[in-house]
Amino acid sequence: MVAEPLVTKKGEAAWPFPHMVKMPWPYLAIMPLAYILLIYFGWTQDDYVESNVSEIWIPRSGSYAQDNKYAARFGKVDLGTSSIAAMAISRDGGNIFTPDRLEEIRARMEAAEEATLEWKGHTITWEDVCASNNVGLGTTYEFPCARITPLDYFQEAGWFFEENDRVTWRNSVIRKSIVKPIIPRFGIMSQYCPTQCQHQITLRNSEAYAVLNGYDASYANPLGLLGDIASMEMNDPCKRCIEENFEVQINNLLLATKGSFGVLAQQIGILIQSGAADPSSVPQLATLAGQYGQLAQSLTRADAEEFFTYYTTRGLYPAFNLDGYKEAYDQLVAVLRTPCLQVKATTRPDLICPNETVTDDEAEQAMLDHADGPFSSYNTAGSPFPWWSDASGTGKLFEGTSGVSGSGINMAGELLSMAFYTDILNVQNPPAWNPLWDGLGGFPTDPLNHPVYQQTVLGDPTYNWFMAVYETQDSICQNNNLTGTQTQVVALDVGSAFAMQEATQNWCTKHDVPNKDNSGRETSYTKQHFSIMWYDLFIDTFLGIEQGVDSPFTWTLGQGCGYSLAGERDQYADSNETSVLASASEILYYIDEGTSVGPIDRNILIGGANPSIEEISSENPLEEATVIQSLYAIAFPENVVKKVKNCNRPGGAIEDMNAAEAEEILENFKEEMEKIWVKGWNDDNDGEVQFVYFSDDAGSVGTTGRTLLDITLDNGKLMSISICLIAIFSIILLISPDWIESRVLVTLIGVSLVVLAYFASLGLAILFDIKINISTAWTLPFIIIGIGVDDVYIV
């Protein structure tokens, strides 16, 4: 179809121009009204200014654009996070690593991270928008938001670890990094690699050997072996031996345990079907057969590793506490033995007064018996000293030979003895299969009361551990004082009560559930639950961890260079500048000491360094640095929507947020953090540190986007002046003393229509999702208005 020309062959203007000439007044009303409507509907849209640089200057075609489109198809856009660079610069150009300046930076970081926004009745916090605040499944909102900063050199940077965060760190990081991988490997080292690991073992047990090999005498600490296991290279003979044997032993443990439970389930099933079992015991045997069968099917490698971890922990009790036991024994005996003997000789001959000394074997056995003892809801930590009438915690001192409390699971028997009973190695080879019961007249008709079954099966540590999941236990974790004597002799009873109060260990915290104030989420707990609780609390004591108090800044894993197991990070408070600079010269790690991301590149965090970052070390420390940069990661809108639905969210889950709303929240949150961070940046009297901030535009508008927005909309004054000058200039040209010849009114109407047409055209573009950008805002007004007014002159 050919467009109709503006001028016909007869020289007449095409429609509607002749109609406009003949009847201008309707058009004079219709056109402005149309312009006003376009302006109203276009300019009232929420997002009409282009703040994304990539939509303005990045090519939309060519190889670069094609590469971006290809990457987007495979989810490149979804994999990133938005970043904030929060810089701190010394105002005088001097060293920023001073205690006062670091504290000023720490306080500003704390203030920025406490920024909040109100949205639909919900308070949005930094925890809602940060990219990561978890250490695994179920820990979102229960761990601090990740950020990287040079302040991580120092303990004071741990302010953001709240109590629940510290509990999560203990449960999910310490257990994952120390308990789960290292303790069972310590058991392998001790049992299967004494020759290959002789050097490390001797170093940690002999002060003389440590000094002979160039170490300080304090290096001889058996606890250090746990750190050694984690830090040894794989080419170390000791490490190779540990790893090779660990794989073999865990696999053997799993296969032997599952196989034994399977064979026992089968044999009990045969026994029931044969009718040889006592009818009164059939229900119990049927239940056992079902439990055995379930374990044979459900046990996993993780279950085997967990068992071996706590089985090894039981052995660590006397290994790491022998000297402590004997020292405490001597102190208590020195106070209580003589009064006990005096009362025994006069009124209570039944008292069992402790011996004056204790041998290593006696001490070791007492601690193992303590670990195997029944769990106490009176005093969970209990006591290994065998002096009470019973283990409940309420027994009478010096009236028996029992310790107090324990794990609740007896693991004193021979490991995998039930595999020997079932001859599990040959079960797949019937001609060679020779289970122990074949030599005893067949499988017992009453296995639970059969002495051999009791010894080899019921006494197997693996049996007791895994069967404990089927036994519920009504207990709590509690810290009552150990009881003293009840002899009616005031001097001994009062003295022993005071001594036991001093000897009481308070293991339980409010985070160990169930306890007297918190019954926990479960309706009931198993025997295995309480055993794991007891061993975990014991592990805390010998590692020196205070649950809910210690954090990665006050208790280090020993994974990174310069950090020791159970050590702590340096402090800048009350330190001199030289010490602070020395601390900042070491390798910098995230809070997990390099486990996840390795050493942090200090070039992106420290500026103005002398000597340079590549040259500094403990031997060549920093002399000064003028800039510190902290990096924050912010989630994308889609991930924020998912995160705030989490039931762990403080204040309750948010179910009605969408991605567009999340993007707006992120944009506002970046701006709010920026306001807090840069407060007083241009005031030389506002502290010794100048704070500068930049946030990228990934996921939501950041610093560049807001700058573009401000610049784009900043042309209003200049455009108004331009319109006024054009109108005045036009009036001067077209004004006449003759009111009939004067064109002032026509000029003003023409200029007004041109201005309205310009804004209406932008409104129409906005309705078609074509945003105003810096180019159109600063060029089109002057070009379009100039051309339009020129047409007024022609008319």
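The values are calculated or read from the model by the stated rules, or taken from the named source; none is laboratory data. Just so it is clear, the model here is predicted, and its values are computed rather than measured. Neighbour counts are summed over all protein chains in view; Cβ atoms, including those assigned to glycine, are modelled from backbone coordinates with ideal geometry. When the accessible area is computed, the model is the full protein with side chains, heavy atoms only, and any ligands, DNA or RNA have been set aside. Shrake-Rupley method; radii C 1.70, N 1.55, O 1.52, S 1.80 Å.
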Discussion item. Suppose the Debye formula is applied to equal point scatterers at every Cα of segment 268-326; what is log10 I(q)/I(0) at q = 0.14, 0.18, 0.19, 0.24 Å⁻¹?
Written reply: -0.63, -0.73, -0.75, -0.91
Response to the item:
Averaged per residue, the 1.4 Å probe accessible area of segment 638-795, protein heavy atoms only, in Å², is roughly 56
Worksheet entry | Cα centroid of segment 649-721 to Cα centroid of segment 322-368, whole Å | 70
Worksheet entry | Accessible area of segment 254-338 belonging to carbon and sulfur atoms, whole % at 1.4 Å probe | 53
Discussion item. Can you match mean projected area of the Cα convex hull in nm² to one of these, [x] 115.6; [y] 38.9; [z] 58.4, based on a calculation from the structure here?
Written reply: [z]
Item to complete: Obtain the radius of gyration and the Kirkwood radius of segment 110-249 from its C-alpha atoms and give Rg over Rh.
Response: 1.15
Fill in: Length-normalised contact order of segment 194-234 in % [C-alpha pairs under 8 Å, at least 6 apart]
33
Response to the item:
For segment 137-148, Karplus-derived ³J(HN,Hα) couplings (6.51, -1.76, 1.60; θ = phi - 60°; whole Hz; x for glycine and proline) come out as 4, x, 10, 4, 6, 10, 8, x, 5, 6, 7, 10
Response to the item:
At R0 = 25 Å the Cβ-Cβ FRET efficiency linking residue 63 and residue 698, nearest 0.05, sits at 0.65
Discussion item. Need the list of aspartates and glutamates near residue 180 for cross-linking: C-alpha distance under 13 angstrom, and skip anything on the same chain fewer than eight residues off.
Written reply: 303, 305, 306, 536
Worksheet, complete the sentence: Karplus ³J(HN,Hα) for segment 343-349 (6.51 cos²θ - 1.76 cosθ + 1.60, θ = phi - 60°; Hz, whole; x = Gly/Pro) runs 5, 4, 6, 10, 10, 10, x
Discussion item. With n ≥ 4 as the cut-off for DSSP H runs, can you work out [θ] at 222 nm for the chain, using -39500 (n - 2.57) per run divided by the number of residues, rounded to the nearest 500?
Written reply: -15000 deg cm²/dmol
Worksheet entry | Cα-Cα pairs of segment 701-788 separated by more than 24 Å (percent) | 33
Worksheet item: Hey, which of these cross-link pairs are over 29 Å Cα-Cα: 239/643; 120/679; 258/527; 344/527; 120/670; 239/510?
Response: 239/643; 344/527; 239/510
Worksheet, complete the sentence: Given unit charges at Cβ for Lys, Arg (+) and Asp, Glu (-), the dipole magnitude of the chain about its Cα centre in debye, nearest 20, is 2180
Discussion item. Suppose the Debye formula is applied to equal point scatterers at every Cα of segment 493-628; what is log10 I(q)/I(0) at q = 0.15, 0.17 Å⁻¹?
Written reply: -0.88, -1.00
Item to complete: Give me the percent of the accessible area of segment 569-721 that comes from carbon and sulfur atoms, probe 1.4 Å, all protein chains in place.
Response: 49
Fill in: Equivalent ellipsoid semi-axes, segment 424-568, via Cα gyration tensor eigenvalues times 5, rooted, Å
41, 27, 17
Discussion item. For a quick check of your reading of the filter: which trypsin sites (Lys or Arg not before Pro) in segment 89-182 sit in a DSSP loop and have no more than 14 other Cβ atoms within 10 Å?
Written reply: 120
Worksheet entry | P(r) histogram, all alpha-carbon pairs of segment 225-286 included - 10 Å bins from 0, percent | 19, 26, 17, 14, 14, 10, 0
Discussion item. Need one number for segment 621-775: average projected area of the convex hull over its C-alpha atoms, nm².
Written reply: 18.3
Worksheet, complete the sentence: Quick note, segment 160-213: a/c under 1.5 would make it rounded; otherwise a/b > b/c is prolate and the rest oblate (a ≥ b ≥ c, C-alpha gyration tensor); here it is oblate
Worksheet item: What list of ³J(HN,Hα) couplings, whole Hz, do you get for segment 281-290 from phi and the Karplus terms 6.51, -1.76, 1.60, once you set θ to phi - 60° and write x for glycine and proline?
Response: 9, 4, x, 5, 5, 5, 5, 4, 4, x
Worksheet item: Classify segment 676-730: rounded, prolate or oblate, from the alpha-carbon gyration tensor (a ≥ b ≥ c, eigenvalue square roots; a/c under 1.5 rounded; otherwise prolate if a/b is larger than b/c)?
Response: oblate
Worksheet item: To the nearest 20 debye, what charge dipole does segment 552-671 have about its Cα centre, counting +1 at the Cβ of each Lys and Arg and -1 at the Cβ of each Asp and Glu?
Response: 460
Worksheet item: Roughly what % of Cα-Cα distances in segment 542-611 sit above 14 Å, to the whole percent?
Response: 65
Practice prompt. Could you give log10 I(q)/I(0) at q = 0.16 Å⁻¹ for segment 99-168, computed by the Debye formula over C-alpha point scatterers of equal weight, without solvent?
Written response: -0.64
Worksheet entry | Cα-based convex hull, segment 473-518, per residue volume (Å³, whole number) | 91
Discussion item. Taking the solvent-accessible surface of protein heavy atoms with a 1.4 Å probe, what is the per residue accessible area of segment 476-573 in Å²?
Written reply: 45
Item to complete: Would you mind telling me the share, in percent, of accessible area of segment 346-435 contributed by carbon and sulfur at probe 1.4 angstrom?
Response: 51
Worksheet item: Out of segment 743-795, which chymotrypsin sites (Phe, Trp or Tyr not before Pro) are coil in DSSP terms and have no more than 16 other C-beta atoms within 10 Å?
Response: 768
Worksheet item: Taking the Cα centre of each part, how many Å lie between segment 604-623 and segment 377-428?
Response: 56
Worksheet item: If you take the C-alpha gyration tensor of segment 496-566, multiply each eigenvalue by 5 and take the square root, what semi-axes do you get, largest first, in whole Å?
Response: 27, 20, 11
Worksheet item: Whole-Å semi-axes of segment 172-262's equivalent ellipsoid, largest first, each the root of 5 times a Cα gyration tensor eigenvalue?
Response: 29, 14, 11
Worksheet item: So how do 643-652, 502-511 stack up, highest first, on mean other-Cβ count within 10 Å?
Response: 502-511, 643-652
Item to complete: Could you sort 24-37, 339-352, 658-671 so that the peptide with the highest average Cβ count within 10 Å comes first and the rest follow in order?
Response: 658-671, 339-352, 24-37
Discussion item. Rounded to the nearest 20 debye, what is the charge dipole size of segment 122-246 about its Cα centre when +1 sits on each Lys and Arg Cβ and -1 on each Asp and Glu Cβ?
Written reply: 440
Worksheet item: Just checking the chain: which Cys have no other cysteine's beta-carbon under 4.7 Å?
Response: 561, 647, 724
Worksheet item: What is the Cα centroid distance between segment 84-99 and segment 260-311, reported in whole angstrom?
Response: 66
Worksheet, complete the sentence: segment 278-382, Kirkwood Rh and Cα Rg, ratio Rg/Rh at 1.19
Item to complete: Calculate the all-directions average of the projected area of segment 631-687's alpha-carbon convex hull, and give it in nm².
Response: 5.4
